[in-house]
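Engineer: Have a look at the structure that comes next, please.
The values are calculated or read from the model by the stated rules, or taken from the named source; none is laboratory data. All figures in this text were calculated on a predicted structure; none of them were measured in a lab. Cβ atoms come from the backbone with ideal geometry, glycine included; neighbour counts cover every protein chain shown.
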Amino acid sequence: MTTFASGQDFIDSMSAYRPDCPILDLDMPGMTGTDVQRRLTESDMRVPVIIIAGRDDRETEARWRAAGAAAYLPKPIDERILLDTLAIVVRKD
């Protein structure tokens, strides 16, 4: 697993690094998860994305799934659920 200090650092790494499944927080400082997802789509990088959000809201989840998110997990995140979701998402890809 590779982590990045910011969404911009992740985007900057894309020329040398292809992630299996980015895990994006909607409320990251600077470049938000929404911004990163948009950049992934614009760059035509087809990878599954897991969205982590501070709100458990069906409308937001539906919007993200329509935008291509493979999973949407509300905070607080249960580590076991995150790892299980990651295993399922990467296996499907």
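Engineer: Going through the range 6-45 one residue at a time, which ones are of a type in the set (V, I, T) and touching a residue at least 24 places away in the same chain (Cβ under 8 Å)?
Structural biologist: I11, I23, T32, V36, T41
Engineer: Identify, please: which residue in the range 1-37 is closer than 18 Å to T60 by Cα and of a type in the set (V, I, T) and is, among those, nearest to the chain's Cα centre (by Cα)?
Structural biologist: Only one residue tops the list, namely I23.
Engineer: While we're here: Within the range 62-80, how many residues are over 11 Å from I52 (Cβ atoms), hydrophobic (A, V, I, L, M, F, W, C) and at pLDDT below 90? Working first, answer last.
Structural biologist: In the first step, residues of the range 62-80 are kept if they are over 11 Å from I52 (Cβ atoms); the result is 62-63, 65-68, 70, 78-80.
Okay, now just the ones that are also hydrophobic (A, V, I, L, M, F, W, C), so 62, 66-67, 70.
The next check asks that each one be at pLDDT below 90; those that pass are 62, 66-67.
Final tally of qualifying residues: 3.
Engineer: Sticking with this structure for a sec: Does the range 13-31 hold any residues that are closer than 19 Å to L86 by Cα and among the hydroxyl-bearing types (S, T, Y), and which are they?
Structural biologist: Y17
Engineer: On to the next question. Which one of these is within 19 Å of L83 (Cβ to Cβ) and not hydrophobic (A, V, I, L, M, F, W, C): T41, T3, T34, T60?
Structural biologist: Step by step, each of T41, T3, T34, T60 is checked, and only T3 is within 19 Å of L83 (Cβ to Cβ) and not hydrophobic (A, V, I, L, M, F, W, C).
Engineer: Right, another one. Tally the residues that are part of a helix (DSSP H, G or I), charged (D, E, K, R) and in contact (Cβ under 8 Å) with a residue 60 or more places away in the chain, restricting the search to the range 60-93. Walk me through how you get there before you give the answer.
Structural biologist: Step one: list which residues in the range 60-93 are part of a helix (DSSP H, G or I), which gives 60-66, 79-92.
Imposing the further condition that a residue be charged (D, E, K, R) reduces the set to 61, 63, 65, 79-80, 84, 91-92.
Pick out the ones that are also in contact (Cβ under 8 Å) with a residue 60 or more places away in the chain and you get none.
Of the residues in that region, 0 qualify.
Engineer: Can you tell me how many residues within the range 23-37 are in contact with a strand residue (DSSP E or B) (Cβ under 9 Å, 6 or more places away or on another chain) and either part of a loop (DSSP other than H, G, I, E, B) or surrounded by fewer than 16 Cβ atoms within 10 Å (Cβ to Cβ) (or both)?
Structural biologist: 3
Engineer: Another one. Taking the options D20, D44, D78, name whichever one is exposed (fewer than 13 other Cβ atoms within 10 Å of the Cβ), within 23 Å of R91 (Cα to Cα) and touching a helix residue (DSSP H, G or I) at 6+ places or on another chain (Cβ under 6 Å).
Structural biologist: The conditions single out D20.
Engineer: Oh, and also: Pick from the range 4-22 the residues that are assigned to a helix (DSSP H, G or I) and among the polar types (S, T, N, Q): which of them is nearest to L73 (Cα to Cα)?
Structural biologist: My answer is Q8.
Engineer: Okay, moving on. Give me the residue from the range 38-59 that is assigned to a loop (DSSP other than H, G, I, E, B) and within 14 Å of the chain's Cα centre (by Cα) and, out of that set, farthest from A71 (Cα to Cα).
Structural biologist: Of the residues in the range 38-59, the ones assigned to a loop (DSSP other than H, G, I, E, B) are 43-49, 54-57.
Restricting the remaining residues to those that are within 14 Å of the chain's Cα centre (by Cα) gives 45-49, 54.
Details: M45: 17, R46: 15, V47: 12, P48: 8, V49: 7, G54: 14 Å.
Restricting to residues being assigned to a loop (DSSP other than H, G, I, E, B) and within 14 Å of the chain's Cα centre (by Cα), the top hit is M45.
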